[in-house]
Amino acid sequence: MGIEVEQGAVRAGRVGASSGSENGGLTRGQKFQFALLVLALFVAVPILLGHSPYFITVLTNAAILSFISLGVWITFSIGRMNLAQGAFALVGGYASAILATRYGVSFWLCLPLSGLVSSALGALIGWPVLRLKGVYFAMTTLSLTEAIRLLALNGGDLTKGATGIVNIPRPGAIKIFGLTIVPEFNGADPLPFYFLACVLLVLGLVGVWRLSTSRLGWVFRSLRQNEDLATSIGINVAKYRVIAFAVCCFMGGIGGAFFSVFHQNIYPATYTIADSVNFMLYCFLGGLSYIFGPVVGAFLLVIAFELLHAVQDYQALIYGVLMIVCMLWLPNGILSLGLRHVSKGKG
Amino acid sequence: MEQVLINGVVLAVNYALIALGITLIFSIMNILNFAHGQMFMIGGFVVYYLYGIFKINYFVSLLAVVIVLGAIGWSFETFFFRRMRRMATREENSMLLAVGTALLLENLALSIFGEKQRGVPPVVTGVFRIGTAYLPAGRLLVMVLALVLIIGLLLFVQYTKLGRAMRALAQDREVTHLMGVNVDRVAAYGFALGAALAGLAGGLLVTVFGVNSGVGNVYSIKAFIMIMIGGAGVVPGAILGAIVLGFVEAIGYALLPGSITYLLIFTGLIIFLLLRPQGLLGKPWG
């Protein structure tokens, strides 16, 4: 169960590992593996697990959590440990909830709009905060998660305080010239949401891949290595790190908007510090050097957490221990195993 | 207003204990202890079980806090961070490990202690009246104890051999090693001491506010705010940060409804960092 996707993701991870985030261009084999991941997500999973709403929901969660974590991965690529992604997911969630319930905006417009709201706020806050580095940046962004939660709690009529916003309408149909392209989402079946999540994930992956192999990606990596040196060769450091942060917040906002509609509600406590920490851990456990890192990390951890249901009381405890063990024995992420394998094969 | 000032002093002194602990670990090992709030929480629970449930003397319970948290801090350094320092390829790794230990402690507490809010019976009873304000004896005790601990810590770091080794380590790791100091051992003691301070703060404040297994992150954030105000890794900065936060919090809670105080503190913090990213007393960096 769910293993299909896991393997798909790991296989795809090898694509990321062997092509490396360092250079672009996919070999034919890698394109083939990427196609396999897409096939697994869109064909194998629905056929094998389509009858089980529970597994489809778990995989939907994992897909969107990977999408949100991909944003955090971008801030890692400029050398910042971002613990504010929960805050921007919350902003996106509230933006889409408010737009949908107050102004009756269609979900299909809400989704990109909430991403934009998030990234605008991210750019505004990021401008001063990104001057900080290392632990200082981590501390500030962690506080930011708490600050945005308090903002939502004290937002008065707009955010409805602790009661949150409920009964957010589900996505409607998309019609062009009377032709239905996407049918209306109905309540009982999680499959449409699953497909939407997979589309977002694939778009996100392709987008981040394009980004990190473009000039912008190289600029980001130069910021990670040495900002002063980057400045000295004429890179506008302040501009590029805000761009990276805004892209990260955009993905957080979209993911938050998706979840608010998926669950049809949003509360100030929907995203807390624990969520911000998790987004970061997904990236780390998958492997920070690989674009597929966040995806592998999120799928493995979300599925592992569900499997640990069997040991109910100790679920959280075992999860915590597992994570420390991974950190100590796999400091470069799960995908570094695949990389070692590949280089051994070559050598 | 006098009441607000008294509350501010009580908070500031206890917060200083927290801020000093995290500063100690940060300056000695350059590790930001994300688990500091969780250590605070565990200190609170140790007192809750020993003093609250098993009716053991309060001061003995505090001693037990030092031992338990000291052991936790020591083993974190010895088993986790030392290994990480040797094999890490990115500087983020030790930070991530610190986040991982916070997660571990929080989940451990959740599994063992449950989610309920716990309180303990007062250690001393009675109320002092100062002008128009009231100072419960319990709060006075907590304040005096914290003050004694802070002075003790400063003296220890200043005048003992181990304290001097810790200060040397904070200045320059390699040279300290060259001078024949057993760096690993001192680092482990430093971590143990920092953790014990967090636990002691928890053991003191549990008599005033109670404790539950979810408070960890709240206190970690408070610790972060304090060291960002004062400047990370600077002892006077930690104390200054604690005084600022303690009074701002006391004033805010007296004048503003509920959680708006912290919203304003965070907003103020971001504006402050824009002007002075190294904190009030910190050295300018990169």
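The values are calculated or read from the model by the stated rules, or taken from the named source; none is laboratory data. This is a predicted model, so every value here is computed, not measured. A quick note on method: Cβ atoms are made from the backbone with ideal geometry, for glycine too, and the neighbour counts reach across all protein chains shown.
Side notes on the structure shown:
- One residue stands out among those in region A:96-114 that are of a type in the set (Gly, Ala, Ser) and buried (at least 24 other Cβ atoms within 10 Å of the Cβ): the one that is nearest to the chain's Cα centre (by Cα), which is A:Ser114.
- Of all the criteria given as (1) closer than 30 Å to B:Ala109 by Cβ; (2) at pLDDT 75 or above; (3) within 10 Å of another protein chain (Cβ to nearest Cβ), the one not satisfied by A:Ser336 is (1).
- Restricting B:Leu280, B:Leu264 to those that are surrounded by fewer than 20 Cβ atoms within 10 Å (Cβ to Cβ) and outside any helix (DSSP H, G or I) reduces the list to B:Leu280.
- Residue match in region A:264-277 (condition: at pLDDT below 80, out of contact with any Leu (no Cβ under 7 Å at 6 or more places or on another chain) and either in a helix (DSSP H, G or I) or under 17 Å from A:Trp73 (Cβ atoms) (or both)): no
- Set B:Thr101, B:Thr132, B:Thr89: member being at pLDDT 85 or above and of a type in the set (S, T, N, Q): B:Thr101
- Per the conditions (1) among the charged types (D, E, K, R); (2) away from chain B (no Cβ under 13 Å); (3) closer than 27 Å to B:Val218 by Cα, the sole criterion not satisfied by A:Lys239 is (3).
- Taking every residue in region A:279-291 that is at the interface with another protein chain (Cβ under 9 Å from one of its Cβ atoms) and pairing it with any residue that is of a type in the set (Val, Ile, Thr) and crowded, with 24+ Cβ neighbours inside 10 Å, at least 6 positions away or on another chain, the pairs with Cβ-Cβ distances below 6 Å are A:Met280/A:Val72.
- Residue within region A:292-303 that is in a loop (DSSP other than H, G, I, E, B), crowded, with 19+ Cβ neighbours inside 10 Å and not hydrophobic (A, V, I, L, M, F, W, C) present: no
- Among the residues of region B:82-113, those identified as out of contact with any Phe, Trp or Tyr (no Cβ under 7 Å at 6 or more places or on another chain) and more than 10 Å from chain A (Cβ to nearest Cβ) are B:Arg82, B:Arg85, B:Arg86.
- Residue ID - nearest to the other protein chains (Cβ to nearest Cβ), chosen from residues in region B:249-284 that are touching a residue at least 40 places away in the same chain (Cβ under 8 Å) and among the β-branched types (Val, Ile, Thr): B:Ile265
- Just one of (1) over 14 Å from B:Gln38 (Cα atoms); (2) crowded, with 24+ Cβ neighbours inside 10 Å; (3) at pLDDT below 90 fails for B:Ser213. It is (1).
- Considering region A:211-252, and only residues there that are in a helix (DSSP H, G or I) and among the hydroxyl-bearing types (Ser, Thr, Tyr), the residue that is surrounded by the fewest Cβ atoms within 10 Å (Cβ to Cβ) turns out to be A:Ser232.
- Test result for A:Phe42, within 14 Å of chain B (Cβ to nearest Cβ) and among the aromatic types (Phe, Trp, Tyr): no
- Odd one out for A:Leu124, checked against (1) out of contact with any helix residue (DSSP H, G or I) (no Cβ under 9 Å at 6 or more places or on another chain); (2) facing chain B (nearest Cβ under 10 Å): (2)
- Residue satisfying all of: in region B:244-261; in contact with a Phe, Trp or Tyr (Cβ under 9 Å, 6 or more places away or on another chain) and surrounded by fewer than 21 Cβ atoms within 10 Å (Cβ to Cβ); nearest to B:Arg167 (Cα to Cα) among these: B:Glu249
One line per residue, one yes/no per condition, for (1) more than 30 Å from B:Gly258 (Cα to Cα); (2) crowded, with 17+ Cβ neighbours inside 10 Å; (3) within 14 Å of chain B (Cβ to nearest Cβ):
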| site | (1), (2), (3) |
| --- | --- |
| A:Pro128 | no, no, yes |
| A:Val135 | no, yes, yes |
| A:Val166 | no, no, no |
| A:Pro171 | yes, yes, no |
| A:Glu184 | yes, no, no |
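- You will find that of A:Leu144, A:Leu216, A:Leu196, the residue that is within 14 Å of another protein chain (Cβ to nearest Cβ) and touching a residue at least 12 places away in the same chain (Cβ under 8 Å) is A:Leu144 and no other.
- Residues in region B:223-239 that are part of a helix (DSSP H, G or I) and within 10 Å of another protein chain (Cβ to nearest Cβ) were compared, and the one that is surrounded by the most Cβ atoms within 10 Å (Cβ to Cβ) is B:Ala223.
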